[in-house]
Amino acid sequence: MSDPSLTPDGYDRIGPLHPYVAWGGVLLFDLLLVAAIVTVLLVAADWTEDLIWPGGPEWLPF
């Protein structure tokens, strides 16, 4: 007798969702977090470059 709370491939359901949906949400959150960290580092590098060498072309368009 199979457990109705399990998916056909044997994973526990996360609410009404298949675990792959929840894992995809976590992956998307992680990617957004990494993108935010990289953006902050780029802005800090551009700000530091402006302090050391004012003027000249900008590295970033913002």
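The values are calculated or read from the model by the stated rules, or taken from the named source; none is laboratory data. Quantities reported herein were computed from a predicted structural model and do not represent experimental measurements. Backbone-built Cβ (ideal geometry, glycine too); neighbour counts: all protein chains shown.
Go through the stretch 3-62 residue by residue and tally those that are in contact with a Ser or Thr (Cβ under 8 Å, 6 or more places away or on another chain) and surrounded by 10 or more Cβ atoms within 10 Å (Cβ to Cβ). Write out each step before concluding.
Filtering the stretch 3-62 for residues in contact with a Ser or Thr (Cβ under 8 Å, 6 or more places away or on another chain) gives 12-13, 18-19.
Then keep just the ones that are surrounded by 10 or more Cβ atoms within 10 Å (Cβ to Cβ); that gives 13, 18-19.
The total comes to 3.
Here's the yes/no breakdown for (1) at pLDDT below 90; (2) among the hydrophobic types (A, V, I, L, M, F, W, C):
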site	(1), (2)
1	yes, yes
6	yes, yes
11	yes, no
21	no, yes
26	no, yes
34	no, yes
38	no, yes
45	yes, yes
